[in-house]
Structure formats: C-alpha cells, structure tokens
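First comes the structure, then the notes that go with it.
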Amino acid sequence: MAVSTDFAPPFKLIAPYFIIGAVVFVLSTFLLFTFDTTTIQSVEPNLLAWVHLFLLGFVMMVIFGAMAQLVPVVLEVGHFAVDLYYIIYPLLLIGTILMAIGFVFVPILLPFGGLTVLIALSVFLFETFLTIKKVEKYNFVIISVLIANIFLAVGMIFGIIMALGYAGVIVVDIPALLHAHIFLVFVGYVGVTIMGMSLILLPMFWLSHGFSWDYVKSALLTLSLGVTSITLSPILDIAILDTIGYILSIIASTLYFYQVYIIYKKRVRIENDIYFISLIFSYISLLAALILAMLYLLIPSENLIISIGWLLIGGYVSFLIIGHLYKIVPFLVWYERFSPLVGKEKVPMLADMIPQKSANLQFWLNALGIIISTAGILFASNEIFYSGVSFLSVGSLFVLKDIIYMIRFKS
C-alpha cells in the first residue's frame, strides 16, 4: 500500500499529545507504589483510577496524536477539520484527571470527568468519521479504522453509564458492564487500531514485502466477533457470551501474532535497534498474557487476571507505543524541520536524532520492571512488585527525557 505524507498535519499539533502522554507515563509508574498486591482487587477504586489515568492519559493520548498523523496519510485524504485536534488533548487530559480524582476521593467528579472525556472522544470520532467519509475506495486498513472507532463510540456509552452509576446518579450493575467497557475500549479500539496500523508501520520500518494479509484479516473478524459477544453479554444477560468472547479474543491474538511473525520473516532490513527490541518484548508480553489467559480459563484467580491485564497494558501496549515513538517522533521532526534543507546543507540522519544509549537503558530498565513486577503480582509479594516498579520509575524518566530530546532536536 502506498503511503503519502502530502496530507500530514503540522507537527506542532501532534507534539503535545506525545509530551503529555510521556508525562502521564512517568506519573503512572510512580503511582504504582501505592498498590498492595496482597489485597488488590480488579474493581477497587485505586486500581480503576490508575487504569483510567494510564489508558486515557498515556495510551489513548499517544494513539490520538499518532492517528492525527496516520489517518490522513493512510487514507490519502486531508483531515475534515484538523484544527479540532487542538481541543481534544486538553479536554482529554482534564477529563482524565477529574475521573482519577473521582474514583479515589470525590465520586461526584466522575460524571463531570466522564462527560469531559466523552466530549473529547466525541470530537475525535466526529472528525475521524467525516475524514473517512471522504475516502472513495475502502481497503483493510480503512475498514479497521472504521471498526475501531465504532467500538470506541460504544465503549464511551458504557463508560458514561458506569460513571453515573459509580457516582450514585443512577443504579446499574457496574461489574457486569465493566467487562464490556474494558473490551470495547482496550481490545476493540486499541487492539483493532494496533492490528490495522501495524500492517502499515511494520512493513514500512522493516521493509517487508510479498506477504499475505490473510491471517490479520481473520484476526480482525475474530476479534470483532469476540468484542461483540462480550458487549452483548450484560445486555442479554447470557454469561456464556463472555466465555465465547474470551476464547475468540485469544484466537484472534494468536492469528495476529502469527501475522507479525510472517512480516518479520519477510523483512529486508535487519537492524536490532530500539524499535525492533521494543516490539520483540511487546509481542513476548502478548504471548505470556495469552498463556496466562488460557490458564485463567482453567484456574480463575484475581491475581492471575490482574497479571494478564498488567502484561497487556504495561508490557504489550506500552512497549509497542514506546518503540513506535522512537521511530515516529524523529521522522516527523526530520520531515518538518530538515527535509526543506535537503540539497542545500548537511542534514542529520534519523538515527542521529535518537539518543541510543539512553534509549537502550530505558528499554532494559522497563523490561526488567515489567518482568519483576508481574512476578510480584502473581505471587502477591509487595517486595518483588515494588522492586519492579523501581526499575519502571527510572525507565519512564528516560522515556520522557528522550521524547523531549527528539522533539527539540536542532542539529
């Protein structure tokens, strides 16, 4: 698939998303010291606050920034109203902070935070859907973007209903809606977005050619059915739909994992850079989470389900995002700042814009942190967990430093 940068928005629009995301990543890692692995529960207020802070403030913030760049480039049409992105990130940040405070301290703030996040996501969906509407011919990537945003829209509705219920405004079965909300946003939106965009980014960065898309197409269909099944479970009150959804999601993840392996085998560029090793650790985390998920179906355990979530969020998604930031940020800065100077004066290579030693150091600190902290959750040991979090805290500071360094790179 041809990818053009002719429709790319200005970098000054995208940079705040990456900076805010990195700052929230640092804050989130330090907040992990407040958890007690011996008593932690998946629905306790502190954990709910942390998950929303991490997913909305870091994961979604960075994804929205990346989508501002990638959606028009991949669709090969201009944004419907690109300036709307200037109001999305402040609304998303304010809403996320209000929700985090609401979960832990002032429940009445939850509806206000949820409404602010809802407005931010609605603006994003409005702009994205109207941008997609300009496309004349649909392909797999465009369909994946469309499906992902539909899941996000439904997930928003579930989220605001739960926020109203948590604040005591309405009476709802929060635990029943929680699984659907998690799957719609995390698996439905984030998962489908990763599937679609990685089919553009992985071949581009690895220079892979001549591979079939059959496995990822099957994965997208299977994952969509899985998310739909879990969404319908609380609505129809049919518990077996949850199990069916979990199984379909595991199958979809396995198919996607194999598709990535095929792209890897077809690569031309063999370079074990920070991008490559970050993706390897990301997919190892996904594989480990899948193994634990199959174990969970046989032996349900609170610490096991939290470990699975931690591997998916902290290992799979985080390393996937951080690895891509070390590719995307230098490219965007180079394209805007140095491409007009090509042929006129000496310009830096993309590799020159990455602080290699610092990047490698943050990788090993964060990788060790994920491994050790996961063991701490599994064995309900605060000593082990806090040891892992210590590595993560230092590693997150290096991530923030590197992002700022690459954005400010001058020569």
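Each reported figure results from applying straightforward, stated rules to the coordinates on display, with no laboratory input. On a predicted model such as this, the values are computed, not experimentally measured, just so you know. Note that each Cβ is placed from the backbone with ideal geometry, even for glycine, and that neighbours are counted across all protein chains shown.
Sorting the segments 234-246, 189-201 by their mean number of nearby beta carbons within 10 angstrom, highest to lowest, gives 189-201, 234-246. What's the longest bit of the chain with no exposed trypsin sites (Lys or Arg not before Pro), using DSSP loop states and at most 13 other Cβ atoms within 10 Å as the test? The reported range is 1-133. Taking Cα atoms only, the orientation of helix 85-104 departs from the longest principal axis of the chain by about 30 degrees.
Under Stokes-Einstein, with the Kirkwood radius over Cα pairs as Rh, the value for the range 88-240 at 25 °C and 0.890 mPa s is 145 µm²/s. Note on Ile404/Leu304: beta-carbon distance plugged into 1/(1 + (r/R0)^6) with R0 of 41 Å gives a FRET efficiency of 0.65.
If you line up the long axis of helix 318-337 against the longest principal axis of the chain, both from Cα atoms, how many degrees apart are they, to the nearest 10? The answer is roughly 30 degrees. As I understand it, the value is the acute angle between the Cα axis of helix 192-206 and the longest principal axis of the Cα atoms of the chain; what does it come to in degrees, rounded to 10? That helix lies at roughly 30 degrees to the long axis. The mean sequence separation of alpha-carbon pairs under 8 Å and at least six residues apart, normalised by the residue count of the range 271-400, gives a relative contact order of 26 percent. Working from Cα pairs under 8 Å separated by at least six residues, relative contact order for the chain is 16 percent.
Here the alpha carbons of the range 1-136 define both size measures, Rg and Dmax, at 16.9, 55 Å.
Counting every other Cβ atom within 10 Å of each residue's Cβ, Phe379, Phe385 order from fewest to most as Phe379, Phe385. Considering only Thr231, Pro203, Ala176, the residue lying farthest towards the positive end of the dipole of the chain is Pro203, judged by Cα position with unit charges set on Cβ. Rounded to the nearest 20, the Cβ-based charge dipole of the range 1-136 about its Cα centre (Lys and Arg +1, Asp and Glu -1) stands at 120 debye. Over 18 Å between Cα atoms: which of Lys133/Lys327; Lys344/Lys410; Lys12/Lys357; Lys346/Lys410; Lys134/Lys327; Lys266/Lys357 fall into that group? Lys133/Lys327; Lys12/Lys357; Lys134/Lys327; Lys266/Lys357, as the Cα separations exceed 18 Å there.
Helices in the chain, meaning DSSP H runs of at least 4 residues, each add -39500 (n - 2.57). Divided by all residues, the mean residue ellipticity at 222 nm is -24500 deg cm²/dmol. Based on Cα atoms of the chain, Rg over Rh with Rh as the Kirkwood radius reads 0.94.
Cβ crowding within 10 Å ranks Thr222, Thr29 as Thr222, Thr29, fewest other Cβ atoms first.
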